[in-house]
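Engineer: This structure is in structure tokens; I'll ask about it shortly.
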Amino acid sequence: MSTAKTYNSFMHWLGGQFVRTKLNSPLGYILLLTLAGILAYVIASVGIKIGALILVFIIVLPSILLAVFDLNFGIKIALVTAILVGWLSKYAELPFGIAMDALLFVMFFGLLIKQSRVKDMSFAKSPISILILIWVFLNLFEVLNPAAESRLAWIFTVRSMAGLILLYFIACYAFNSLKAILNILKFIIILAFISALYGLKQEFFGFSDAEMTWLYSDKKRLQLILQWGRLRIFSFFSDPTNYGIFMAYMSTFCFILSTGPFKLWQRFMLLLGGALMIMGMAYAGSRTPFVLVPFGLVIFLLLTLKKEYILVIGAVSVLGGAVIMKGHSNAVLYRIQSAFIPSKADDTMNVRAESRKFIQPYVYTHPLGFGLGSTGVWAARFTPDSFMADFAHDSGYLRVAVELGWIGLIIICLFLLVVMRTSIYYYLRVKNPKIKIIYLGITVIFFQLALANFPQEALTILPTSIIFYLLLAITVKLKDFDTVVIDAKEADSGHISFTEPEDLSENNEELAANQAK
């Protein structure tokens, strides 16, 4: 009997260590140190590569299991993976893309489990959701395209597209409270801040050995990054242009949020983060991001029409323009100049114009295009001898026109138009000042990405593709939490307070009952 009591007491104590204290105790420290010692011994015995795989297995498996039950956690894992995939690929050749897709499919399985308990498909009625489904149907229908030369290229292209679509519906379900949305936005800003810092580390303290090896392993890549005697920074990303675009729209987003109803220290951190992102964008040396920032600020002014913003941004623009446009031999400022002065641009802009002119007759005669994966990486892999394999599409719109024809181009343009209209519609109608400023920032990002997709494939590169679909979900869900609570005393005084509604996950039964009615 005493043995049974001792055993029960021990199990109760052990359960408390894991559940209540979450191993934040002497026992937890001992277990972690023991695990670290075992892992160090294994790595020393079998080698660093196998040891790293073991470490990845230890971290990844629990994370995937947790992502099934906590969709917001899974979204954060997807964001981190999207940010680091370009950096990790410089150290090891692993199937990070497949891992990302697997994570999203696992999360979708978790979504199906949750939907079996509480069905919430109200977001499917949004015009954004409807157009996404139309886009999905067109991409699936492309498997029957008679002009397509490879079905394997279609499979690989659809796979990545399917993951993004799943992420949109996962996020629409996971963003069941204003707190959840704010947490994701904070997480994205923190990742952008860290990316800016790492990029500036590359500029002022140099690249790592693995990054230098990666640079010099491809002559063409080195020519693109080494310009005017300096290496353009790229932070965790695959190339400077990708990094610069990310820094451009995130810096604009931070500047816009800094005008919102947040605490003073939060506004200061947003301004600081935005300034560091601008520096990272400048040292990345890509022309497209240099245009995105002033363009975004112009959209911001048009939507707000506030005199103080016009004066401040106007003064900064005049001073910045005077400094940038002054004649000098600085490589960074020269790249900025070339974005606004066509005569200073190199031959790449002319090459892109010639490519568009060359492909137009073929687009006119192929309403469904040449099939998914008919150009770019998958074409080089599966149909290297095809007509479109070596075509330099560059532009995201041009790629859609080539692969899905003028029908696909019309749909994607209509989709972006509806997205921008919807975000503006909600921005003008919500009352909560915090929600209002978020809608304003997201609207500006949509305009920036729509413009960036003309000279670059801005909507299909990581991490922008992930962030874009998350922002779509936020656009659809955020207005649901624009709740105004009027107190009797406040009504008499003419003041109305805004409160955040309770987490919908805590009211599942009530939600299900309302939907049943």
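The values are calculated or read from the model by the stated rules, or taken from the named source; none is laboratory data. Computed from a prediction, not measured in an experiment: that's the story for all the values here. We place every Cβ from the backbone using ideal geometry, glycine too, and count neighbours over all the protein chains shown. Ligands, DNA and RNA are excluded from the accessible area calculation, which covers all protein heavy atoms including side chains. Shrake-Rupley method; radii C 1.70, N 1.55, O 1.52, S 1.80 Å.
Engineer: Could you tell me which numbered condition CYS172 fails, if it satisfies all but one of (1) open to solvent by less than 10 Å² (accessible area, probe 1.4 Å); (2) within 18 Å of LEU462 (Cβ to Cβ)?
Structural biologist: (2)
Engineer: Are any of the residues in the range 301-309 open to solvent by 50 Å² or more (accessible area, probe 1.4 Å) and either at positive phi or not in a helix (DSSP H, G or I) (or both)?
Structural biologist: Scanning the range 301-309 turns up at least one residue that is open to solvent by 50 Å² or more (accessible area, probe 1.4 Å) and either at positive phi or not in a helix (DSSP H, G or I) (or both).
Engineer: In addition: Could you tell me whether the range 423-440 includes any residue that is in contact (Cβ under 8 Å) with a residue 60 or more places away in the chain and assigned to a loop (DSSP other than H, G, I, E, B)?
Structural biologist: Among the residues of the range 423-440, at least one is in contact (Cβ under 8 Å) with a residue 60 or more places away in the chain and assigned to a loop (DSSP other than H, G, I, E, B), which makes the answer yes.
Engineer: What are the residues in the range 214-255 that are among the aliphatic types (A, V, I, L, M), surrounded by fewer than 16 Cβ atoms within 10 Å (Cβ to Cβ) and not in a helix (DSSP H, G or I), if any?
Structural biologist: The answer is LEU226, and nothing else.
Engineer: Follow-up question, since we're still on this one. Looking at the range 142-156, which of the residues that are under 27 Å from the mean Cα position of the chain (by Cα) and closer than 19 Å to LEU166 by Cβ is surrounded by the fewest Cβ atoms within 10 Å (Cβ to Cβ)?
Structural biologist: ILE155
Engineer: Let me ask something additional. So which residues in the range 193-209 are surrounded by fewer than 17 Cβ atoms within 10 Å (Cβ to Cβ), charged (D, E, K, R) and either closer than 20 Å to THR241 by Cβ or in contact with a Ser or Thr (Cβ under 8 Å, 6 or more places away or on another chain) (or both)?
Structural biologist: Result: LYS201, single match.
Engineer: Report the residue count in the range 462-473 for those that are buried (at least 24 other Cβ atoms within 10 Å of the Cβ) and assigned to a loop (DSSP other than H, G, I, E, B).
Structural biologist: 1
Engineer: Answer yes if at least one residue in the range 445-456 is open to solvent by less than 50 Å² (accessible area, probe 1.4 Å) and at pLDDT below 90, and no otherwise.
Structural biologist: The answer is yes; a qualifying residue exists.
Engineer: Considering each residue of the range 382-419, count those that are out of contact with any helix residue (DSSP H, G or I) (no Cβ under 9 Å at 6 or more places or on another chain) and not acidic (Asp, Glu), and give that number.
Structural biologist: Residues flagged as out of contact with any helix residue (DSSP H, G or I) (no Cβ under 9 Å at 6 or more places or on another chain) and not acidic (Asp, Glu) within the range 382-419 amount to 3.
Engineer: ILE194 passes all but one of (1) at pLDDT 90 or above; (2) within 13 Å of the chain's Cα centre (by Cα); (3) aliphatic (A, V, I, L, M); which number fails?
Structural biologist: Every listed condition holds for ILE194 apart from (2).
Engineer: Of the conditions (1) out of contact with any Pro (no Cβ under 9 Å at 6 or more places or on another chain); (2) in contact (Cβ under 8 Å) with a residue 12 or more places away in the chain; (3) within 22 Å of ASN242 (Cα to Cα), VAL377 fails just one. Which one is it?
Structural biologist: Status for VAL377: all satisfied but (2).
Engineer: Are there any pairs, at least 6 apart or on different chains, whose C-beta atoms fall under 8 Å, with the first in the range 396-418 and free of Cβ contacts under 8 Å to residues at least 40 places away in the same chain and the second among the hydrophobic types (A, V, I, L, M, F, W, C) and in a helix (DSSP H, G or I), and if so, which?
Structural biologist: Cβ pairs passing all conditions: VAL400/LEU409; VAL400/ILE412; LEU416/PHE446; LEU416/ALA450.
Engineer: Against the definition (out of contact with any Cys (no Cβ under 6 Å at 6 or more places or on another chain), at pLDDT below 50, assigned to a loop (DSSP other than H, G, I, E, B) and over 22 Å from ILE128 (Cα atoms)), how does PRO501 come out, yes or no?
Structural biologist: yes
Engineer: In addition: Residues in the range 170-182 that are out of contact with any helix residue (DSSP H, G or I) (no Cβ under 7 Å at 6 or more places or on another chain) and either of a type outside the set (Lys, Arg) or within 30 Å of ALA379 (Cβ to Cβ) (or both): how many?
Structural biologist: The number of residues fulfilling the criteria is 1.
Engineer: Hydrophobic (A, V, I, L, M, F, W, C), part of a helix (DSSP H, G or I) and open to solvent by less than 20 Å² (accessible area, probe 1.4 Å) - does that describe any residue in the range 258-268?
Structural biologist: Within the range 258-268, none of the residues are hydrophobic (A, V, I, L, M, F, W, C), part of a helix (DSSP H, G or I) and open to solvent by less than 20 Å² (accessible area, probe 1.4 Å).
Engineer: Given the conditions (1) open to solvent by less than 30 Å² (accessible area, probe 1.4 Å); (2) β-branched (Val, Ile, Thr); (3) free of Cβ contacts under 8 Å to residues at least 60 places away in the same chain, which single one is not true for ILE188?
Structural biologist: Condition (3) is where ILE188 drops out.
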